[in-house]
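What follows draws every value from the coordinates through simple rules; no lab data is involved. Just so you know, these numbers come straight off a predicted model, no measurement behind them. Cβ atoms come from the backbone with ideal geometry, glycine included; neighbour counts cover every protein chain shown.
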Amino acid sequence: MFPAAFDYRAPASLAEAVDILRQRGEEAKVMAGGQSLIPLLKLRFSQPALVVDIGHLPNLAGISRSNGHLSIGALTKHAAVESSTELKTVCPILPEAAHWIADPLIRNQGTVGGSICHADPSGDWGAVMLALGADFVARSESGERVIHGADFFQGPFTTALRADEVLTEIRIPVAAHSGGAYNKLERKVGDFATVAVAVQVELNGDRVARAGIGLTAVADRNLKATDAEKALTGKPPTDEVIAEAARLAAAAAEPKSDIRGSSEYKKDVVRVFVQRGLKTAVARAREGK
Amino acid sequence: MKVTLKVNGAEHTGDVEPRVLLVDFIRTNLRLTGTHIGCDTSGCGACTVLVDGTPLKSCTLLAVQVSGRSITTVEGLAAGAGMSPIQTGFHEEHGLQCGFCTPGMMLVGTALLEHNPNPTDEEIRWAISGNICRCTGYMNIVKAIQHAAAINAAAAKAPAAEAVAAGGGK
C-alpha cells in the first residue's frame, strides 16, 4: 500500500511551518512522527494535498519543569516519556501510560503531540491529559493560544486546533500530594484499548482536593468523567466514595459494542478501572508521588 | 524529491515521490530485499530497520522523512564474511523457522543489546513485542538474543588481540 500523491514540505523552523499553514492550512496535514498519519494516508482515509513534516523542528521535543507545571514538547517521543526517570517520580501516570501505547518500535517514532492532535477516541494520551487537567499550547502566525484540555477534543479525530495552528507544548499542572494511574485493557500488545481509564487525584490532608478522570475508547472522543470527579472533590477517598465515583464514570461512558466487547462489558470495565485507578492514585498521592 | 540515506555505511541518493515509503525505497530502489513487508499496517515488525540505531517500522515512514539519516538493514549486520553475535545467536539457538520475521527480530535484538547488554527474558519479550513471529517461535528467539548477549559479554571479558600479541592478558 502507498499513499495518494501529496506535496511534502519539511520546514526548518516553527515560523516557516506556521507560514506554510497560513497559506495552505486547509488542504494540509501536519505530520510529527507519522505513526498515526501514515497509516491513514496508506489506507487513503486521508488524502491531503500537502503534508507538512514538523518532525525535524528544533526545540519542540523534551520534558521540563517550570512555575509549578510540567512542560512536554509536542515532538517528545512516547519512548522518551516511558523512559524518563524524572517523570517516574514527578508524574508516574505519564510513563505508565506511555508503556501501553502501541509497541516499542512505534513508541520510538510516535510523538505525544501527534497522538493528541490525531484525537483518536481510542488514543491514550487524550484521557491522560484530561485527567491531569493539561493545557495545550498552539502556535499560529498570529501568535500563541492556550487551549484547555477539556475544550480540545471535539469529536472523533476532531480537535479545537485551527487549520493554521501547530500544537507546540502540553502543560501539566504538578501539585504536591498528588498521584495518578493509567489502567488499560487491550487484547494484545499493540492493540488499541478495549477500555482504558486515567485517574489523577490531589489530596489535601485526608480529603480529595482535585480529581481528574479521563476515559479512553468509550465515547466518540476521550471523555472527561466530570460527574465522577465532582463526587470525589472535597470528600475523603473512602471505599464508598470511590465506588460511587466509579459508578458515575461508568454511567457517563457511551461505549459501542464491537469485536473488543459489548457495551455493557466495557462500561463495567470502566467502573472497575476507575475504582482500581483511584485506589492506586490515592496511595501514590499519600506517598507524595 | 531528492533523498540521501546512509544505508549500511554506504551513501545512497534517490529521486522519489514524497509518498514513497522507506521500506519500498530500500527494497525497490536499493534492491535490499532483506527488509520484509509483512502486514504493511505497522503491526508486525517484518519491515524493522534501525534509523540512527533505533528500531523503527519502515512501512510507516516516508523515505523523504528520514533523508540524511543512517539506516541499518539486516544486510548490514554481518561483519564481512563473519556473522554478528545476534546472527550467531539465531543460528545456534534455532531462532527462526520460516525466517520471515527474522531480519526484524535480529535488528530489534541488536538495538536492545546496544543499550541493555544483559537483558532479562522479560525485557527481551517486551523489546520484541512489536514484532510478530507467525511460526510462534518466540522461545528460541528469546534464547537467541540471550546467546548473543553471552557472546558480547565473553568478548568484553576476553583480552584484546593486541594485548595478547603484546604478551599480556593471559
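At R0 = 60 Å, how high is the FRET efficiency between A:D220 and B:A81 if r is their beta carbon distance? Nearest 0.05 is fine. Mind dumping the intermediate values first?
Working: r = 58 Å, r/R0 = 0.97.
Working from the Cβ atoms, E equals 0.55.
Under the definition of Cα pairs under 8 Å and six or more residues apart, what whole-number percent is the relative contact order of segment A:178-287? Please report the intermediate quantities before stating the final value.
Numbers: 239 pairs, mean separation 35.4, N = 110.
Relative CO of segment A:178-287 lands at 32 percent.
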**OP:** Take the Cβ-Cβ distance between A:E144 and A:D227 as r, set R0 to 30 Å, and report the resulting FRET efficiency rounded to the nearest 0.05.
**Re:** 0.35
Original post:
Lys/Arg Cβ at +1, Asp/Glu Cβ at -1, dipole of segment A:1-76 taken about the Cα centre: which of A:A28, A:F6, A:S46 is farthest positive-ward?
Top reply: A:S46
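Placing +1 at every Lys and Arg Cβ and -1 at every Asp and Glu Cβ, with all other atoms neutral, what dipole size does the protein assembly as shown have around its Cα centre, in debye to the nearest 20? Numbers along the way, then the final one.
Numbers: 46 positive and 48 negative charges, 96 e Å.
Roughly 460 debye, rounded to the nearest 20.
First measure r as the distance between the Cβ atoms of A:A163 and B:A161, then evaluate 1/(1 + (r/R0)^6) with R0 = 51 Å and state the FRET efficiency to the nearest 0.05. Display every interim value, and only then the final one.
Numbers: r = 62 Å, r/R0 = 1.21.
Here the calculated transfer efficiency is 0.25.
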Original post:
Any idea how far apart B:D52 and A:F2 come out in nm if each label point goes 7 Å out from Cα toward Cβ?
Top reply: 2.6 nm
Subject >> Distance from segment A:240-281 to segment A:151-224 (C-alpha centre basis), Å >> reply: 15 Å
**OP:** Could you tell me the distance between the Cα centroids of segment B:6-62 and segment A:19-84, to the nearest Å?
**Re:** 21 Å
Original post:
Can you list the residues of segment A:98-119 with backbone N under 18 Å from a point 7 Å past the Cα of A:H69, pointing along Cα to Cβ?
Top reply: A:112-114, A:116-117
Original post:
Given A:S142, A:G288, B:N29, which one lies farthest toward the positive end of the charge dipole of the protein assembly as shown, if we put +1 on the Cβ of every Lys and Arg and -1 on the Cβ of every Asp and Glu?
Top reply: A:G288
**OP:** Using a 10 Å cut-off on Cβ to Cβ distances, tally the other chain neighbours for every residue of B:33-41 and report the average as a whole number.
**Re:** 1
**OP:** Sum up the charges of everything whose Cβ sits under 12 Å from the Cβ of A:R171, counting Lys and Arg as +1 and Asp and Glu as -1, but leave A:R171 out.
**Re:** -2
Subject >> Relative contact order of segment A:87-160, pairs being alpha-carbon contacts under 8 Å that are 6 or more residues apart, as % >> reply: 25 percent
Original post:
Pairing the Cα long axis of helix A:263-287 with the longest principal axis of chain A, what angle in degrees results, from 0 to 90 and rounded to the nearest 10?
Top reply: 80 degrees
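Report the extension gain between A:K279 and A:K188 in nm, rounded to one decimal, defined as 0.36 nm multiplied by the number of residues separating them, less their alpha carbon distance. List each step's numbers first, then the result.
Values: separation 91, 0.36 × 91 = 32.76 nm, distance 2.52 nm.
Result: 30.2 nm gained on full extension.
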**OP:** Return the distance in nm (one decimal) between the two label points of a simple spin-label model at B:T13 and A:Q154, each offset 7 Å from Cα along Cα→Cβ.
**Re:** 4.4 nm
Original post:
Listing B:T73, B:T13 from the residue with the fewest other Cβ atoms within 10 Å to the one with the most, what is the order?
Top reply: B:T13, B:T73
Subject >> 29 Å Cα-Cα threshold exceeded, pairs from A:K188/B:K6; A:K77/B:K6; A:K88/B:K6; A:K29/B:K2; A:K279/B:K143; A:K188/B:K57 >> reply: A:K188/B:K6; A:K88/B:K6; A:K279/B:K143
**OP:** Among B:G43, B:G109, B:G82, determine the one that fluctuates most according to a GNM of chain B built with springs between C-alpha atoms less than 10 Å apart.
**Re:** B:G82
**OP:** In debye, nearest 20, what is the charge dipole magnitude of segment B:85-157 about its Cα centre with +1 on Lys and Arg Cβ and -1 on Asp and Glu Cβ, if you could check?
**Re:** 100 debye
Original post:
Considering every residue in B:53-60, what mean count of other chain Cβ atoms within 10 Å of its Cβ is obtained?
Top reply: 5
